[in-house]
Amino acid sequence: MQSSFFISAMRTLVPLGVGLVLSLTGRLGIPVDSQQAALVVLVILAGAYYLLLRGLEWLAERMRWQPLRLLAGVLLGWARPPSYGGGDLPVVSPEALAEVRRRTLGEGDAR
C-alpha cells in the first residue's frame, strides 16, 4: 500500500513540476501576466504532459516495447505504473444486496 502510494504520488508530482518549470520559463511563448494565468497554464501543461506520457506508456505496453514504456514511466517520475491491488475488494452476492435493501427499506418494501 505505502509503495503504491509513493509511486502514485511521484507520478502526479513530477508532471506538476514539469508544468511549473515550463510555465515559468515561458519557452512555449505563452505570456503569463498574473498568478491566475500562471496557474491555468501550469494545470494545462502538466495535464498535457501527463496524458501524453501516460498514453505513450499505455501504447508501449500494448506493443510490448519495453524501452518506450520505461522511458515514458521514468519521465512520469517512476518507471512503472502503480499497482493498487485490484481484486482485493470483497464480492457481494445479489442475495446479500437484497438483504441489505430489505433491512434498509423495511420488511415489505424490497422488490
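Do the conditions hold for residue 102, that is, is it among the charged types (D, E, K, R), within 20 Å of residue 13 (Cα to Cα) and either surrounded by 12 or more Cβ atoms within 10 Å (Cβ to Cβ) or at pLDDT 70 or above (or both)? No. Restricting the first residue to the range 1-23 and requiring it to be over 25 Å from residue 40 (Cα atoms), which pairs with a second residue that is open to solvent by 60 Å² or more (accessible area, probe 1.4 Å) and modelled with pLDDT under 70 meet a Cβ separation below 9 Å and a spacing of at least six or different chains? From residues that are over 25 Å from residue 40 (Cα atoms), the pairs are 1/84; 3/83; 4/83; 4/84; 7/83. Each residue in the range 71-98 was checked for being at pLDDT 70 or above and exposed (fewer than 13 other Cβ atoms within 10 Å of the Cβ), and 7 pass. Scanning the range 16-54 for residues that are under 14 Å from residue 76 (Cβ atoms), open to solvent by less than 70 Å² (accessible area, probe 1.4 Å), touching a helix residue (DSSP H, G or I) at 6+ places or on another chain (Cβ under 6 Å) and modelled with pLDDT of 80 or more yields 46, 49, 53. Considering only residues in the range 55-70 that are surrounded by 13 or more Cβ atoms within 10 Å (Cβ to Cβ) and out of contact with any helix residue (DSSP H, G or I) (no Cβ under 6 Å at 6 or more places or on another chain), the one that is modelled with the lowest pLDDT turns out to be 58.
The values are calculated or read from the model by the stated rules, or taken from the named source; none is laboratory data. Keep in mind that what you see is a predicted model, and the values were worked out from it rather than measured. Cβ: placed from backbone, ideal geometry, glycine included. Neighbour counts: every protein chain shown. Heavy atoms of the whole protein, side chains included, go into the accessibility calculation; ligands, DNA and RNA do not. Shrake-Rupley method; radii C 1.70, N 1.55, O 1.52, S 1.80 Å.
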